[in-house]
Every structure is written in structure tokens, then in C-alpha cells.
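The structure appears right after this line, and notes come after that.
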Amino acid sequence: YIKHLGTAVQPVLGNHDFFLLAAAEGIVRLRSKDTIWDVLEAKDRIELVDWLRRVPLHRRDGPYFMVHAGLLPQWTIEDAAGFAREIETVLSGPHYRTFLQEFFHGPTPQWNASLTGSERLVSIARVFTRLRTCTASGVMSNFSGPPEEAPKGFVPWFRVPERRSGDAIIITG
């Protein structure tokens with residue numbers, strides 16, 4: 001449905017989109033409760049998956065910056081846009097299967113500017129699709145509950161004081 005709306009909608013990729021892409025490639029197993037069976041069994045499945053691989057991780061329009069999950073406190077909006085483009089390039093390129101395999105089955109490194117290769121890509125993608133809470137220094141947790149139940153030392157990313165993207169209006173899903 002979203003694909004057929006064309007330019008009337010401006011989506012960004014999130015964790016469920018990554019899961020669908022990985023499922024389409026046989027990288028993850030579906031459970032009976034998963035709700036993407038209809039997409040994977042659609043007659044235009046290949047076209048839909050190909051379209052989804054080209055949906056961006058971010059959108060920027062003036063002071064607005066849209067991502068699915070969040071941004072680390074040490075990232076500026078310019079940093080985040082550049083990092084998003086790294087993932088967007090891989091997902092739309094010939095090695096996207098390798099990236100998805102690493103994302104779902106490889107190590108889950110914390111972000112560090114010195115990361116390279118698949119560790120860098122996985123770390124960036126985790127931030128854009130899964131970040132909910134982190135420390136003031138940008139260490140991500142795997143927590144996914146309500147903000148008031150965040151683990152000790154972790155806060156919602158948008159409540160980190162003096163985060164470098166604090167001057168932007170960030171829209172998250």
C-alpha cells in the first residue's frame with residue numbers, strides 16, 4: 001500500500017523493515033505470530049523487497065530530521081545523515097545480503113568512530129532502527145520497555161543532556 005502511494009508518503013526504514021528484508025532472503029526464520037507473511041507471499045514480492053531496500057534510513061527537510069529509532073548523543077545531524085547514507089548504499093547495493101546476515105547473526109558492537117567494515121555498518125544500523133536508551137556517552141542498551149523502566153544509568157536517547165543533535169527537530173517512529 002505504502003509503495004503505491006509514491007511520493008505522497010516519505011517513509012524511513014525501521015527494525016521491522018530490516019526483519020522483512022532478512023526474512024525475504026532466508027536469513028531469519030518467521031514465527032506463526034509474525035505479520036509479514038502476506039508481503040512474502042505476494043505475487044509482486046520481488047518488486048516490493050527491491051523497493052524496500054531503497055527506502056532511506058533518514059529524511060531531512062529543513063529543521064526536521066526523521067529516523068525510526070533515534071540518534072546517539074555524540075552524533076550531529078550531519079554525522080547522522082552521513083552514517084545513514086552508508087547503510088542506504090549497502091542496502092541498495094549487491095552486498096546487502098551479507099550486511100543483513102551480519103546485522104542479525106553477527107556481533108552487536110557499540111558505536112565507536114574507529115569501527116570499520118561490517119561492525120561499523122551493524123552498529124550504525126542498530127542506532128537508526130533500535131535505539132531507545134543509552135548513557136550520556138552513547139553506550140546503547142538493548143532495553144525496549146517504557147522509559148521509566150530503563151536500566152540504571154540509561155536514559156531515553158532524547159533526554160541525554162547536551163546531545164549534539166539537540167538543536168534539530170527529530171521525528172521518530
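The values are calculated or read from the model by the stated rules, or taken from the named source; none is laboratory data. None of the values given here were measured: they were computed from a predicted structure. Using ideal geometry, Cβ is built from the backbone for each residue, glycine included, and neighbour counts are taken over all protein chains shown. Protein only, heavy atoms only, side chains kept; ligands, DNA and RNA dropped before computing areas. Shrake-Rupley method; radii C 1.70, N 1.55, O 1.52, S 1.80 Å.
Taking 0.36 nm per residue of separation and subtracting the Cα-Cα distance, full extension of the segment from Asn112 to Asp34 would add 24.8 nm. Near Trp37, once Lys and Arg are set to +1 and Asp and Glu to -1 for all other residues with Cβ below 13 Å from its Cβ, the sum equals +1. For the chain, the mean residue ellipticity at 222 nm estimated from helices alone is -10500 deg cm²/dmol, where every DSSP H run of n ≥ 4 contributes -39500 (n - 2.57) and the total is divided by all residues, rounded to the nearest 500.
Seen from Arg163, the other residues with C-beta closer than 15 Å to its C-beta sum to a net charge of -1, counting Lys and Arg as +1 and Asp and Glu as -1.
Shown is the FRET efficiency for Ala136 and Gln10, computed with R0 = 22 Å from the Cβ-Cβ distance and rounded to the nearest 0.05: 0.10.
Within the accessible area of the chain, the carbon and sulfur atoms contribute 52%, probe 1.4 Å, all protein chains present. Placing +1 on the Cβ of every Lys and Arg and -1 on the Cβ of every Asp and Glu, with nothing else charged, gives the stretch 3-93 a dipole about its Cα centre of roughly 180 debye.
In this structure the chain gives 56 Å² per residue of accessible area when probed at 1.4 Å with all protein chains present. The magnitude of the dipole of the stretch 49-173, with charges of +1 and -1 set on the Cβ of Lys/Arg and Asp/Glu and taken from the Cα centre, is near 140 debye.
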